[in-house]
1. Using 0.36 nm per residue of separation minus the Cα-Cα distance, give me the extension gain between residue 32 and residue 50 in nm, one decimal.
2. Compare the peptides 37-50, 70-83 by average per-residue count of other Cβ atoms within 10 angstrom and give them in order, highest first.
3. How high is the FRET efficiency from residue 8 to residue 40, r the C-beta distance, R0 41 Å, rounded to 0.05?
4. What number comes out for accessible area per residue over the chain if the probe is 1.4 Å? Units Å², please.
5. Pairs of alpha-carbon atoms within less than 8 angstrom and 6+ residues apart define the contacts here; what relative contact order does the chain have, in percent?
6. Could you pull out every residue, at least 5 positions away or on a different chain, whose amide H is within less than 5 Å of the one on residue 187? Hs are placed 1.01 Å off N in the peptide plane, and Pro or chain starts have none.
7. Quick one: of the DSSP bridges fully inside the chain, what percent are antiparallel, nearest 5?
8. May I ask you to order 184-190, 54-60, 6-12 by the average number of other C-beta atoms within 10 Å around their residues, highest value first?
Amino acid sequence: MFERPKKEKNYAMVIVQDRCVNCKACEVACKAMWEVPDGKLNYRTKVLDIEKIENGIRKMTFMPILCNQCDNPPCVWVCPTGASYKRKSDGIVLVTPNMCIGCKACMEACPYDARYYNEELGAVDKCTFCLPRLESGLEPACVQTCVGGSRNFGDLNDPNSIVSKLLKEATNYWVLKPEDGTFPNDFYISNSAKTE
């Protein structure tokens, strides 16, 4: 049975789904920060529109998605060159562009559709939780620009972090596709407690 590894920093994203207003600030900030080429299929993060019908009433909800920085990442295990790898210190999954041969096996293996092939780089690209920003003490760009407070980032090893507090106070939280056994580090909640 798989057990989550111990990490010096246990970075996670907690997304309060019902706070997302689909303003796209996260997408714009991410594309600008990382110079993601134009095109619908090119993204490190995006917001999905989900239409539901409840009691005969059509409702629209929004689902922010990004790389889940999985503790059991299939994208890493299938990479033939080692270009995709997971940092042991904090669990962030990265791609070394000059080692990527563009086989796209990692894109096929990712159950979250969280990778794209960057023609300009000649390599697969993905969310890194804005690692250079983290190393400078800043939040990921998508979190900083989230006007509704939907995206929250922090270290689950710190009980006082916003992500730890949100998960502790939530009446319910979930991950995407738990049946795949990836042990993601993006968590979703609705109707959460206040974030103060």
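The values are calculated or read from the model by the stated rules, or taken from the named source; none is laboratory data. From a predicted model like this one, the values you see are computed outputs, not experimental measurements. Here the Cβ is made from the backbone with ideal geometry for all residues, glycine too, and neighbour counts use every protein chain on show. Each accessible area value is taken on the protein alone, full model and side chains, heavy atoms only, with ligands, DNA and RNA left out. Shrake-Rupley method; radii C 1.70, N 1.55, O 1.52, S 1.80 Å.
1. On the way: separation 18, 0.36 × 18 = 6.48 nm, distance 2.54 nm.
Gain on extension, residue 32 to residue 50, equals 3.9 nm.
2. 70-83, 37-50
3. 0.65
4. 54
5. On the way: 383 pairs, mean separation 58.4, N = 196.
Relative contact order of the chain: 30 percent.
6. Placed amide hydrogens put 13, 14, 15 under 5 Å from residue 187.
7. Approximately 85 percent, going by the DSSP bridge assignments.
8. For the peptides 184-190, 54-60, 6-12, the packing ranking is 184-190, 6-12, 54-60.
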